[in-house]
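Structure record follows, encoded as C-alpha cells.
The values are calculated or read from the model by the stated rules, or taken from the named source; none is laboratory data. Note that the structure is predicted; figures quoted are calculated from it, not measured. With ideal geometry, Cβ positions are generated from the backbone for all residues, glycine too; neighbour counts draw on all protein chains shown.
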Amino acid sequence: MKFDENIRNYIYGEMEPPISGEYIDNYNPATGEVYSKIPDSDDRDVLRAVKGAERAFPAWSNCGVKKRFRILTRIADIIEQNLESFAKAETTDSGKPIALSRSIDIPRAHSNLRFFATAILHFASESHYMEREAINYTLRRPIGTVGCISPWNLPLYLFTWKIAPALASGNCVVAKPSEITPMTAYLLSRACKEAGLPAGVLNVVHGYGHKAGQAIVEHPSVKAISFTGGTETGRKIAEIAAPKFKKLSLELGGKNPNIIFADCDFEKMMTTTIRSSFSNQGQICLSGSRIFIEKHLYTVFRDEFVKRVKNLTVGNPFSDKTDLGAVVSSAHQSKVLNAIDLAREEGGQILCGGNAVKVPKCEKGYFIQPTVIEGLDAHCRTNQTEIFGPVVTLIPFETEEEVLAYANSTEYGLSATIWTQNISRAQRVADKLDAGIVWINTWLTRDLRTPFGGMKNSGTGREGGWEALRFFTEPKNVCIHF
Ligand code: NDP
C-alpha cells in the first residue's frame, strides 16, 4: 500500500476531498518536513458522513453477527498482509521507532479487529427469572451512529480499539483520527473498501479536533461518543455531550506511579522500568512517569537506572539501532522541554538528558534526550501534571502508607505498577491505589478481555472485552409474565 499521497476522507464508501477544498500540512516529525496533506474537514463533511452512517445502519445492524465477523476479519487480514506498509506509514507519521510499529502498533490493530469480530459471536445478554411469576431477558441492540475520536500516540492501535467493538456490535461509525497522525487511518479506510465493508458503515473524517471532532460530538444523530485524548479535551466533550444525554466513554490522561520495593526482582524490574519510562518516547498514557523507590534501594536503583538510560539511542526512527525516535510534533517538543525547565525551576536535579537532540540526517526533527530528574517533592507541579514525553522523576519513600499517599495525590487514576516479591503487600497496595489498571511485577501486559480505563480525571467508563460491547449497545429489558 502506498502512503505518499494526499489523504482523503472516507464517506459512504468513497474517498472524498473535503468540501472546503482546504488541506492541512502533514509533518514527518523525524525530518520536520511536510510529506502529505490532510483534509481540513468541517461540519459539512461530518454531516455527509452522519447521513451515510444513517443510510447504512438498517442493513448493517440486521445483517447478522456472522457477516460482521467475516468482514472485520477480512479487514484484519489486509492489515496483517500489509504490515510493512502500515508500519512504515505509522513511523513516518508519528516518529516512533519502526521496530515498535512492526511489533506493537500494527499487530495490535489487526488483533483488535479479530478480537471484537470473534467476541461478538460469543456476546450474550442476561436473563432474570422471577420464581413462578415472570422471566426478564435483556436485549442488547446497537445504538445507531456513534462517534470515535482518537489521539496521536498510538494512532491505528487506539483507532481500531474503538472502531472494532462499535462495528462488531452493529453500529455505524463516524470516526476522526488525530490530525497529527492520520495516515494509517487513511490506509485503514482503503482496506475497508477492499474488504467489502458496505458503504457508510465506517466513515473517516480527517481534520482538526475543534472543527471536525467537535462537529461529530455536537451532531444530534451521533448517539454515543468514544473518546481517547487529553483530560481538558475530554472535559470539553463532556460539556457538549452531557446535556444532549449522549452515551460517553472518556479515556483521558495519566500520571502513573511506578512503585519499587527493595525486595523486587531487580533485573526484571530494571529492564521493564526502562521500557515503561521511555517506550514510544514516553508518549503512552500508561507510562510510569513517577518512579517511587524504597529508600534503602534508592542509590543502587538510581545509579544503575541512569547508567542504562545514558546508553539508550535517540535516533532516526527507521534505524533498527534506535531506542527513542522523535516526539510527535514541534509543539509537543516545546511542551516537553518547557516541562523540563519547570522541573529545574522547582529545584529538580537533571541526572541525565534534559535537552533536545540533533540527529544526523534528521537535523530538523523533534528529538528529546531521555530525561531523569530527582530531588522534587511529590506534590510539586512537575509531579502532578502529565508531561507525556521521555521524562521521569525519582522519589524515595520509607513506608507503604507514605508511597500510597504520594501515588494517590494527583488528579489522575489511570494505571500503576508495583514491584515486590511479597504477594501480601502487592495485593494490599493494589487494593488501595486509585488506578483503573494495576500491574504487579510487569507493565503493559494486556489481555483484551479485561476492563481498560481510569479513575478520577483519567476518565469515565471502561473499554475492552464485554465492557466495550456493552458500551456500544443499548440494553432493553423485556418482561414476560406467566
Ligand atoms: P487531544 O485531547 O488533544 O486530542 C485527542 C483527539 O481529540 C484528537 O483527534 C483531537 O483532534 C480531538 N479533539 C481535540 N479537540 C476536540 C474537540 N473540541 N472536540 C472533539 N475532538 C477534539 O489529545 P492528544 O491527541 O494530544 O493525545 C494525548 C493525550 O491522550 C494525553 O493526555 C494522553 O494521556 C491521552 N491518552 C489517553 C489514553 C487512555 O487510554 N486513557 C491513551 C492514549 C492517550 P486534533 O488532533 O486535531 O486536535
| For ASN153: the one exception among (1) assigned to a helix (DSSP H, G or I); (2) farther than 25 Å from GLY64 by Cβ | (1)
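Go over the candidates GLU398, GLU411, GLU402 one by one and state the one that is surrounded by fewer than 23 Cβ atoms within 10 Å (Cβ to Cβ), among the charged types (D, E, K, R) and within 16 Å of the ligand (Cβ to nearest atom).
Answer to the selection: GLU411.
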| message | It is to be established whether one or more residues within the stretch 235-244 are in a strand (DSSP E or B) and not charged (D, E, K, R). | response | no
| message | Looking only at the stretch 291-341, how many residues end up being of a type in the set (Val, Ile, Thr) and either crowded, with 18+ Cβ neighbours inside 10 Å or assigned by TED's automatic domain parsing to the domain that holds PHE86 (or both)? | response | 9
| Which pairs have Cβ atoms under 9 Å, sit 6 or more apart or on different chains, and link a residue in the stretch 351-370 that is of a type in the set (S, T, N, Q) to one that is part of a strand (DSSP E or B)? | ASN355/ILE368; ASN355/THR371; GLN369/VAL314; GLN369/LEU324; GLN369/CYS352; GLN369/ALA356; GLN369/VAL357
| message | So in the stretch 1-52, with the set limited to residues that are in contact with a Lys or Arg (Cβ under 8 Å, 6 or more places away or on another chain) and modelled with pLDDT under 95, which one is nearest to GLU363 (Cα to Cα)? | response | PHE3
| Within the stretch 288-300, can you find the residues that are away from the ligand (no atom under 16 Å from the Cβ) and touching a Ser or Thr at 6+ places or on another chain (Cβ under 8 Å)? | ILE291
| Among CYS264, CYS285, which is the only one that is in a loop (DSSP other than H, G, I, E, B), under 24 Å from ASP434 (Cβ atoms) and more than 15 Å from the ligand (Cβ to nearest atom)? | CYS264
| remark: Within the stretch 187-215, the residues that are away from the ligand (no atom under 16 Å from the Cβ), in a helix (DSSP H, G or I) and either among the basic types (Lys, Arg) or buried (at least 20 other Cβ atoms within 10 Å of the Cβ) (or both) are LEU187, ARG190, ALA191, CYS192, LYS193
| Pairs, first farther than 17 Å from GLY454 by Cβ in the stretch 218-240, second more than 8 Å from the ligand (Cβ to nearest atom) and of a type in the set (Val, Ile, Thr), C-beta under 6 Å, six or more apart | HIS219/VAL50; SER221/VAL50; SER221/THR145; VAL222/THR145; LYS223/ILE143; ALA224/ILE143; ALA224/VAL146
| message | Suppose we filter the stretch 53-93 for residues that are among the acidic types (Asp, Glu), closer than 30 Å to GLY365 by Cβ and either crowded, with 23+ Cβ neighbours inside 10 Å or more than 21 Å from the chain's Cα centre (by Cα) (or both); how many remain? | response | 3
| query | Among ALA238, ALA262, which is closer than 22 Å to TRP443 by Cα and either of a type in the set (Lys, Arg) or surrounded by fewer than 22 Cβ atoms within 10 Å (Cβ to Cβ) (or both)? | reply | ALA262
| message | Among the residues that make up the stretch 368-388, is at least one of them more than 16 Å from the ligand (Cβ to nearest atom), over 26 Å from LEU312 (Cβ atoms) and either within 22 Å of the chain's Cα centre (by Cα) or not charged (D, E, K, R) (or both)? | response | yes
| task | Specify the residue that is farthest from GLY200 (Cα to Cα); the eligible residues are those in the stretch 216-234 that are within 6 Å of the ligand (Cβ to nearest atom) and part of a loop (DSSP other than H, G, I, E, B). | result | GLY230
